[in-house]
Every structure is written in C-alpha cells, then in structure tokens.
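Colleague: Attaching a single structure in structure tokens format; questions to follow.
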Amino acid sequence: MNWYEDEVGQLDKKLRNSSPNSVIFYGSSTVRLWTGLEQDFPDVKPINAGFGGSTLAACAWFFERLIVPARPRTLVLYAGDNDLGDNRHPEEVYLSFCALAAKIQRDLPDTDVTFVSIKPSPSRWHIVEQIRAANRYIENEIKRLPRFSFVDLTQVMLTPDGKPRKELYQADGLHMNADGYALWCRELTARVPDLTQPTEVDNFIKS
C-alpha cells in the first residue's frame, strides 16, 4: 500500500486535527475530486477523506489509521469501482466491504454509515454486470447491518434507455464533472438525513 502513502499521510494529519462527531466522506478519487463538498453540505461541513486510486480494499486497510482517530458521527463511503477496474471479481469487492464493515462495527459502533453505489461510468461500461453484482452483494449485506444504509444512485445516472449519462462525466468517462456532483448532492441531501442535520458541536456554538 506504499503507493498511497503521500496522500494518506496528508489525510492522516488532516483527520487527526478534525473535530469529533463530524461527517466524513471516505473513499476513492470520486470523493477526493469533490472539491465543493463542504459548500454542497453547508449544514454539516463534511470532511473530504478521499484518496486517488483507492480501492475498497485500501479503504479497509487504512481505516484504523485514518478514520478511527477522527471518531465521526457519520461516514459516507464510496469505493469499489477501482477494484473492479483492476479485474477484481465482485465477490472480492464484497469481501473487502465486509472487512471494512466489520472494522466499523468494532471500532465505531455508534457511527452511522452510508454506502453509495458503485457508479455505472462510460469508461467501465464493459464491466457493468460486475458493477451490478458488486452493488447487489453489498446492498444485501447492508440489510443485515445496524446503522448502515445503501444509497443506490444507479438509475439516476443512466439515460431512459439504460446507458450512462455522459454529460455527468469528465472527458475520461470515469470521473464526474460538476453536473455529476450536483446530481449526487441533490440525491444524497434527499436520502441521507445526517447530511442536513448540524452536529451537536455546531448547535452548541450557534446557541
């Protein structure tokens, strides 16, 4: 995991200086490139803990180092498409999620967790069946886990005939553009109550 060290080292310092009871977005470059994250969810001032190229396996590997010390009240997870892009099987992605979920339950049992579905991007449309399978496995597992929820954004990212909405992506067909993040902001705001509820710390300061 040494190839992640530069970015992970910076995140380590950032998260250790964060306030407890925060909202953290954790995952791959889809999270890291969400530069307007704090402005999109002004009520909760979320922390961006994405690192480029991250797999779900890497998120599990670095969890104790990065997330546990921050003690977030809410964790929004997005990862998995890089695993599949590296030719991992959906079952392997599922097992990486299970490893991460087990650590969350052990170390942060009071944290609410939202997993955002692996997106159906144009550049990885050739593995869409693997993406669907991984999402299905993870969603079914989450149904068994207290304080976990699965947000499926697949349909809103597809055209009426079931193809990827290219206007949501950058030229590489993999990373989202401003329109893609605006869509995610609208959908997550509507579906995840924790993203519109200020923390107890914020409420105390305002009072």
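Colleague: What would the Debye formula give as log10 I(q)/I(0) at q = 0.13, 0.24 Å⁻¹ for the alpha-carbon point model of the range 59-106, no solvent?
Modeller: Values returned for q = 0.13, 0.24 Å⁻¹ are -0.32, -0.92.
Colleague: About its Cα centre, what dipole magnitude does the range 1-143 give when the only charges are +1 on Lys and Arg Cβ and -1 on Asp and Glu Cβ, stated in debye to the nearest 20? Don't skip to the end; give the middle numbers.
Modeller: On the way: 16 positive and 19 negative charges, 44 e Å.
Dipole magnitude for the range 1-143 comes out near 220 debye.
Colleague: Work out the charge dipole of the chain with +1 on the Cβ of Lys and Arg and -1 on the Cβ of Asp and Glu about the Cα centre, then indicate which of Trp125, Asn135, Thr35 is farthest towards its positive end.
Modeller: With unit charges placed on the Cβ atoms, the residue in question is Asn135.
Colleague: Suppose we keep just the DSSP beta bridges with both residues in the range 2-195; what percent of those would be antiparallel, to 5? Please list the in-between numbers first.
Modeller: Values: 2 of 19 bridges.
Here the antiparallel bridges make up roughly 10 percent for the range 2-195.
Colleague: Could you put Lys143, Lys119, Lys103 in order of accessible surface area, largest first, with the 1.4 Å probe and the full protein assembly present?
Modeller: Values: Lys143 150, Lys119 5, Lys103 45 Å².
Sorted by accessible area, descending: Lys143, Lys103, Lys119.
Colleague: What does the convex hull of the alpha-carbon atoms of the range 2-195 project to on average, in nm²? Could the numbers behind the result be given before it?
Modeller: Values: hull surface 40.5 nm².
Its Cα hull, projected and averaged over all orientations, spans 10.1 nm².
Colleague: Oh, and also: If you fit an axis through the alpha-carbon atoms of helix 178-191 and take the longest principal axis of the Cα set of the chain, what angle between them do you get, 0 to 90°, nearest 10?
Modeller: Relative to the chain, helix 178-191 is tipped by roughly 60 degrees.
Colleague: Take the solvent-accessible surface of the protein heavy atoms, probe 1.4 Å, and return the percent of it on the chain that carbon and sulfur atoms account for.
Modeller: The value for the chain is 50 percent carbon and sulfur by accessible area.
Colleague: To the nearest 10 square angstrom, what accessible area does Arg88 show with a 1.4 Å probe?
Modeller: Using a 1.4 Å probe on the heavy atoms, I get roughly 130 Å².
Colleague: Averaged per residue, what accessible area in Å² does the range 2-195 show with a 1.4 Å probe, protein chains only? Don't skip to the answer; put the middle values down first.
Modeller: Numbers: 8820 Å² over 194 residues.
On a per-residue basis, the range 2-195 sits at 45 Å².
The values are calculated or read from the model by the stated rules, or taken from the named source; none is laboratory data. Remember, predicted model here, so these are calculated numbers, not experimental data. When we count neighbours, we look across all protein chains shown, and the Cβ atoms used for this are built from the backbone with ideal geometry, even at glycine. These area figures cover heavy atoms from the full protein model, side chains too; ligands, DNA and RNA do not enter into them. Shrake-Rupley method; radii C 1.70, N 1.55, O 1.52, S 1.80 Å.
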